[in-house]
1. Give the residues of region 205-240 that are within 20 Å of residue 389 (Cα to Cα), assigned to a strand (DSSP E or B) and touching an Asp or Glu at 6+ places or on another chain (Cβ under 6 Å), sorted by residue number.
2. Can you spot a residue in region 146-157 that is within 16 Å of ligand 2 (Cβ to nearest atom), more than 26 Å from residue 293 (Cβ to Cβ) and crowded, with 24+ Cβ neighbours inside 10 Å?
3. Could you check, for region 46-68, whether at least one of its residues is touching a Ser or Thr at 6+ places or on another chain (Cβ under 7 Å), free of Cβ contacts under 8 Å to residues at least 60 places away in the same chain and within 16 Å of ligand 2 (Cβ to nearest atom)?
4. Out of curiosity, is residue 86 more than 25 Å from residue 199 (Cα to Cα), touching a Leu at 6+ places or on another chain (Cβ under 8 Å) and part of a strand (DSSP E or B)?
5. For residue 192, are the conditions met, namely being on the phi > 0 side of the Ramachandran plot and away from ligand 2 (no atom under 15 Å from the Cβ)?
6. Just the residues that are within 17 Å of residue 293 (Cβ to Cβ) and free of Cβ contacts under 8 Å to residues at least 12 places away in the same chain, please, taken from region 158-204.
7. Taking only region 254-275 into account, find how many residues are in a helix (DSSP H, G or I) and under 32 Å from the mean Cα position of the chain (by Cα).
Amino acid sequence: MNKQQEQSSDLRAGSYRIPDNLRAYIQPETVITRSPGRINLIGEHTDYNNGFVLPAAIDKAAYVAMTPRADQEIHLYSVDMEERYHCTTDNINASADMSWPNYILGVVQQFLLAGIAVGGFDAALTGDIPIGAGLSSSAAVECAVAFALNKLYVANLDKLSIVKLAQRAENQFVGVQCGIMDQFASVFGKYNHVIKLDCRSLAYEYEPFNMDGIKVLLLDTNVKHSLGSTEYNVRRIQCETGVALVQQRYGNVTSLRDVDLAMLDECVKPADELVYRRCRYVIEENNRLLNACRDLEAGNLRAFGKRMYQSHEGLSTMYEVSCPELDFLVDYVRDKPAVLGARMMGGGFGGCTINLVEEGAVDALIAGAAAAYTAAKGKTLKAYVARIESGTCLL
Ligand code: ADP
Ligand code: MG
């Protein structure tokens, strides 16, 4: 990134406003942070295969107002839920009946484990990321808290350390085995850019994503099939099985990242047709993502959108992690000229589709999709419109 780009992303931070509902909690020493939710444009089920993902931070965020205290007490307040929780720094107790305090306390615990002397504080939390919709509101909360603690206790952690610390908080304190993408995208997001993140090396590059006249539309199926978590584990094992089969002939292979389609044809196809299809999707998805980055560099969002449809096709027919509701929503938009591309986003078996839509067509599309979805599936559709914005910052 050159100096000018660096400055322009910094300047963006000045345009984010403190939410009105946090103003009551601001005192002279208060630190206020904003940390956004994220989308992933392409590159699904590639992270645990050492592949690439292509996330971006969005214009919906979590906000924390944190004020130091003279004692060792931690007083937390959720403005949105109107709930309070409190404990002390020498006894970081997880909350049993409310989930939200644990996303904050997990981060505090990681600071303490890192040897950073965190004192008592008051924190008020609010946000406008839809919860549980696959936009990673949890990572946003963690990263907002981590940024605030980093500032308040002058810990001088760099961005990547904050990302890893927030991920450990979710893994260890909340008990969710998330990868690194969500926290990475929240912290490293950049206005009108997507992040090409190499999950093997954590090397990253920004790719331009010009949102002029385009909106990201998330269509929420409002379903979460219970199959999801078991099938996720099955997919991971199938990918490992594929790697093991390739390793018999190519000893230096450690993940699907090291495998190309020719090796797969040679080693896996004759042995296990199902594992072959799973692995083939992953390798194709990585290749698709790299080609999609070239589309972005050429400013060709239409070509990019076509690859999103291909990604969905692979997820649905080869990797088999879609569901009838997700397929319905992608099929519904497929022949609409105002929709550049669409696919399921996230682990699958429910959640949202992500759509690139011409701005002027968004409202009519939502209305049409909602009516069609209810008629076909008897369920209510939810819709969120997003822009690509910058990552975590102080306000
Ligand atoms: P997501 O896909 O949105 O990350 P998760 O289930 O992983 O869904 O995390 C959602 C949880 O994060 C919520 O149940 C809540 O505990 C916490 N959270 C997110 N946003 C807020 C908020 N604005 N206020 C309080 N808690 C929040
Ligand atoms: Mg989450």
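The values are calculated or read from the model by the stated rules, or taken from the named source; none is laboratory data. Computed from a predicted structure; not experimentally measured. Cβ coordinates were reconstructed from backbone atoms using ideal geometry, including for glycine residues, and neighbour counts include every protein chain displayed.
1. 215
2. Yes; the residues of region 146-157 include at least one that is within 16 Å of ligand 2 (Cβ to nearest atom), more than 26 Å from residue 293 (Cβ to Cβ) and crowded, with 24+ Cβ neighbours inside 10 Å.
3. Checked region 46-68: no residue is touching a Ser or Thr at 6+ places or on another chain (Cβ under 7 Å), free of Cβ contacts under 8 Å to residues at least 60 places away in the same chain and within 16 Å of ligand 2 (Cβ to nearest atom).
4. yes
5. Yes: the conditions hold for residue 192.
6. Within region 158-204, 201, 203 meet the criteria.
7. 10
Residues are listed down the side, and each one gets a yes or a no for (1) part of a loop (DSSP other than H, G, I, E, B); (2) more than 12 Å from ligand 1 (Cβ to nearest atom); (3) not assigned by TED's automatic domain parsing to the domain that holds residue 64:
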residue	(1), (2), (3)
140	no, no, no
145	no, no, no
149	no, yes, no
155	yes, yes, no
160	no, yes, no
176	yes, no, no
179	yes, yes, no
182	no, no, no
